[in-house]
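I have a structure I would like to understand better, so I am pasting it below and will then ask my questions one at a time.
The values are calculated or read from the model by the stated rules, or taken from the named source; none is laboratory data. If you're wondering where the values come from, they're calculated on a predicted model, not measured in any experiment. All Cβ positions, even for glycine, are placed from backbone atoms using ideal geometry, and neighbour counts span all protein chains on display. Quick note on the areas: whole protein, heavy atoms, side chains included, nothing else; ligands and nucleic acids left out. Shrake-Rupley method; radii C 1.70, N 1.55, O 1.52, S 1.80 Å.
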Amino acid sequence: MDNYIGTKLDNRYEVCDLIGVGGMANVYRGYDSLENREVAIKILKSEYYENEEFLRRFRNESRAIAMLSHENIVKIYDVSFTEKAHFIVMELINGITLKEYIAQQVILDWKEATYYTMQVLKALNHAHDNGIVHRDIKPQNVMLLSDGTIKITDFGIARFSRSETKTITDKAIGSVHYISPEQASGADIDQRTDLYSVGVMLFEMLTGKLPFDSETPISVALQQIQEEPIKPRELNPDIPEALEQIVMRAMQKNPSKRYQTAAEMLKDFEDFKKNPYVTFNYQYTDNDTATVSNSVNEPVINKSNENISEHNQKGRIAMKKRKRPSEKSEKVEYVVVDRTPIIPILAGVTTAFVLVAALFIGIMFYKNNPFKTNDDIKVPKLVGFQYESLKDMQNVMKNFIIQVETTDYNPSYEKGTIYDQKPSEGKTVKVGSVIKIKVSGGQKIVKIPDVVNLDSESAYSTLKREGLEYTIIESFHEEVPLGSVIYIEPAAGSQVPAGTNISVYISLGPENKIAPVPNIKGMKITDAETLLQNYKLKIGGQTYQESDLPRGTVIAQDPEENAQISEGSYVNVVLSQGTDKPTKLRLPIKLPDIDRTVKIKAMVNGVVTEQEMLNPSEVKVWEPVFSGFDEVNIQIIIDNKKYMEYSLNFNEKTYSVLENLSGEFN
């Protein structure tokens, strides 16, 4: 059992489950209770707490990312180094690595590869401008979101390019298939090493292969240092020539021959996007610089200090020694070489050319005989087979070229299963024809989002965005507002297949039950109140009127008998005051310290009896007059907000405070 899962870090970050395992740290899905959001928590493994090198690298990552703010770089929210855990809190990325995507697609369309690479370069340009070299650019450290956005992760071995402290470990570290020659040899590095890695990554996207591969990391590192990569167009002829030139320039062994900045490489991509048929024609000279020719016929200037050959007027070849700045013009020397007959040389060159051309044509005819016709063959059934099993189907691999057209989620087929093919099974084609297939990514599993308390429209759009269906069930609820979500089934956080139907319970608000009004005329007020309670109704406002009936007898009611009203409603009554005169009392109410005009009103048993517009800072004390019998409840309301509540006893001519809310008005 993982010791971190289920714990809470810094009394804020809940560690939910493990989502990634690395060499020096693990990554967990977490929840930030303060910001109410899901996060990724990268926690250094405890066995490295005493290892200064790993601690330095882990802290370096936090420093590196904290300096950066770019849409194509994973965001960092918090960093903490405590006795309990060393961790970095980052944005949670819902996607797959670019390496996983390449494995699915095998070869990416060059437009798609260009789109991803330009995003990587924009992120690196931002990092380099802030003095940070990533040093481990590879598709495993590039996350691909569902909308095509790229996010660079794992700055664990990033280095500040202006740092004065360097070690052999610093120089040689990195992923061997993507590291630059200077990394492999342990030499000093700068931002150009990231650009080499970008070139390798682009090579892999375009061809489906790595430029250098071997059984051991040491062998790969030696290849990075010593060998030239095959040109991408030899593996995939569909790659535009200009894109191949960009790849080869980025992967130059000597850093001075590469792109010098990410911005420079981006500039070529921009030119390429405007015109895919452009050619850059980079040509590399002996002094480790590169020149660009706008035309293949334009001469390239040789900047070396060696002797230059030229023809003299008599047809002789002379070696002219380059004049140094300190030499005088009269000291220029010519070394004359014996005249060589031009005609025999030209004849020999012509003969050699004809022989080579004939040999070339013969080889091409042998390999690609234009008069040879391929045999007809029927397309086999591939639908339903696992894509990985094709390599064992000799008849298929020998007679056809298999191309993966797409890999996407398909609930009807298991992951890795072929679910569509073109041409279809049984169709007659030529041997060597291409069969395009579609491979299932399996059933997509999604996490049900929390939509409880959201309004219905927001809840529906959130569920749809996650690929979920929904069924609406309406229900009365005393607390959840009308139109909001009460709860859902299955519950939020559950992992379900995409397309699952979620039951969404929507509130109709409090249930509005109807009650008939009973006849309470002629009843004592206490008896009338009891009867109304049985009907789930309440006594409302009470006024008095002269009558021969005993005091406190109901002589009129509103609503009248048999009216249909909602449960919980009030029934106002007119009571007999008998032969007694009602008692009048003045209630002094100290007002809050408010210097503005307010609306103040007094309510007796829920009925407004007096109201006034006044400025409390000027009036200070408001003294409404009440008349009645026995005991009543009085509420004082200021600007529609309760201020005080009293119990007023007319018989005893006293009052008491039931609730004092004056503190909320100062």
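Considering region 576-607 alone, what residues qualify as being open to solvent by 50 Å² or more (accessible area, probe 1.4 Å) and either touching a residue at least 24 places away in the same chain (Cβ under 8 Å) or of a type in the set (S, T, N, Q) (or both)?
Within region 576-607, Thr579, Asp580, Lys584, Arg586, Pro588, Lys590, Asp593, Thr597, Lys599, Gly606 qualify.
Please work out which one of (1) within 18 Å of Lys524 (Cα to Cα); (2) touching a Ser or Thr at 6+ places or on another chain (Cβ under 9 Å); (3) crowded, with 18+ Cβ neighbours inside 10 Å is the condition Pro559 fails and give its number.
(3)
Mind listing whichever residues of region 457-486 are assigned to a strand (DSSP E or B), under 29 Å from Asp147 (Cβ atoms) and out of contact with any helix residue (DSSP H, G or I) (no Cβ under 8 Å at 6 or more places or on another chain)?
Listed by number, the list holds a single entry, Thr471.
Here are the criteria: (1) in contact with a Phe, Trp or Tyr (Cβ under 9 Å, 6 or more places away or on another chain); (2) assigned to a loop (DSSP other than H, G, I, E, B). Tell me which single one Glu215 does not satisfy.
The one condition Glu215 does not meet is (1).
Moving to a separate point now. Looking at Glu50 and the list (1) touching a residue at least 24 places away in the same chain (Cβ under 8 Å); (2) of a type in the set (Asp, Glu); (3) more than 30 Å from Gly441 (Cα to Cα), which single condition is not satisfied?
Failing condition for Glu50: (1).
When residues of region 142-182 are filtered for being hydrophobic (A, V, I, L, M, F, W, C), modelled with pLDDT under 85 and open to solvent by 10 Å² or more (accessible area, probe 1.4 Å), how many remain?
Going through region 142-182 one residue at a time, the tally reaches 5.
Run down Arg192, Arg233, Arg258, Arg249 and say which single residue is more than 25 Å from Asn125 (Cα to Cα), in contact with a helix residue (DSSP H, G or I) (Cβ under 9 Å, 6 or more places away or on another chain) and among the charged types (D, E, K, R). Break it down stepwise before answering.
Details: Arg192 fails: more than 25 Å from Asn125 (Cα to Cα); Arg258 fails: more than 25 Å from Asn125 (Cα to Cα); Arg249 fails: more than 25 Å from Asn125 (Cα to Cα).
Unique residue meeting the criteria: Arg233.
Whether any residue in region 446-455 is more than 19 Å from Val106 (Cα to Cα), open to solvent by less than 20 Å² (accessible area, probe 1.4 Å), within 19 Å of the chain's Cα centre (by Cα) and in contact (Cβ under 8 Å) with a residue 24 or more places away in the chain is what I want to check. Lay out the reasoning, then the answer.
Pass one, region 446-455, residues more than 19 Å from Val106 (Cα to Cα): 446-455.
From what is left, the residues that are open to solvent by less than 20 Å² (accessible area, probe 1.4 Å) are 446, 448, 451.
Imposing the further condition that a residue be within 19 Å of the chain's Cα centre (by Cα) reduces the set to 446, 448.
Applying the additional criterion that residues be in contact (Cβ under 8 Å) with a residue 24 or more places away in the chain yields 446, 448.
Yes, that holds for at least one residue.
Return the residue satisfying two criteria in turn: it lies in region 467-486 and is buried (at least 18 other Cβ atoms within 10 Å of the Cβ), under 11 Å from Val504 (Cβ atoms) and β-branched (Val, Ile, Thr), and of such residues it is nearest to the chain's Cα centre (by Cα).
Applying the filter and picking the extreme gives Val485.
May I pose another question? Filter the strands (runs of 3 or more DSSP E) completely within region 487-579 down to those with at least 2 residues that are β-branched (Val, Ile, Thr), at pLDDT 90 or above and more than 51 Å from the chain's Cα centre (by Cα). Show your work before the answer.
Details: elements: 495-497, 501-507, 514-516, 538-545, 554-558, 564-566, 570-576.
Fully inside region 487-579 and qualifying: 554-558, 570-576.
If you don't mind, another one. Pairs only if they're at least six apart or on different chains, beta carbon under 9 angstrom, first in region 233-248 and free of Cβ contacts under 8 Å to residues at least 60 places away in the same chain, second outside any loop (DSSP other than H, G, I, E, B) and among the acidic types (Asp, Glu); list them, first residue then second.
Close Cβ pairs (under 9 Å, with a partner that is outside any loop (DSSP other than H, G, I, E, B) and among the acidic types (Asp, Glu)) amount to Arg233/Glu241; Arg233/Glu244; Ala242/Asp268; Ala242/Asp271; Gln245/Asp268; Ile246/Asp268.
Mind counting the residues in region 411-449 that are closer than 27 Å to Ala491 by Cβ, basic (Lys, Arg) and outside any strand (DSSP E or B)?
2
How about region 628-655: which of its residues are in a strand (DSSP E or B) and of a type in the set (D, E, K, R)?
Matches in region 628-655: Glu631, Lys641, Lys642, Glu645.
Does Met24 qualify as being of a type in the set (A, V, I, L, M) and under 22 Å from the mean Cα position of the chain (by Cα)? Spell out the reasoning first.
Working: of a type in the set (A, V, I, L, M): yes; under 22 Å from the mean Cα position of the chain (by Cα): no.
When the stated conditions are applied, Met24 does not pass them.
In region 413-427, how many are open to solvent by 80 Å² or more (accessible area, probe 1.4 Å) and in contact (Cβ under 8 Å) with a residue 24 or more places away in the chain? Spell out how you get there, then give the answer.
Residues of region 413-427 open to solvent by 80 Å² or more (accessible area, probe 1.4 Å): 414-415, 422, 425, 427.
So of that shortlist, the ones also in contact (Cβ under 8 Å) with a residue 24 or more places away in the chain come out as 414-415, 425, 427.
Residues flagged as open to solvent by 80 Å² or more (accessible area, probe 1.4 Å) and in contact (Cβ under 8 Å) with a residue 24 or more places away in the chain within region 413-427 amount to 4.
Name the residues in region 218-233 that are at pLDDT 95 or above and either among the small types (Gly, Ala, Ser) or in a helix (DSSP H, G or I) (or both), would you?
The answer is Pro232, Arg233.
Same structure, new question: Give Asp32, Asp10 a once-over and let me know the one that is in contact (Cβ under 8 Å) with a residue 12 or more places away in the chain, among the acidic types (Asp, Glu) and closer than 22 Å to Glu466 by Cβ.
Asp32
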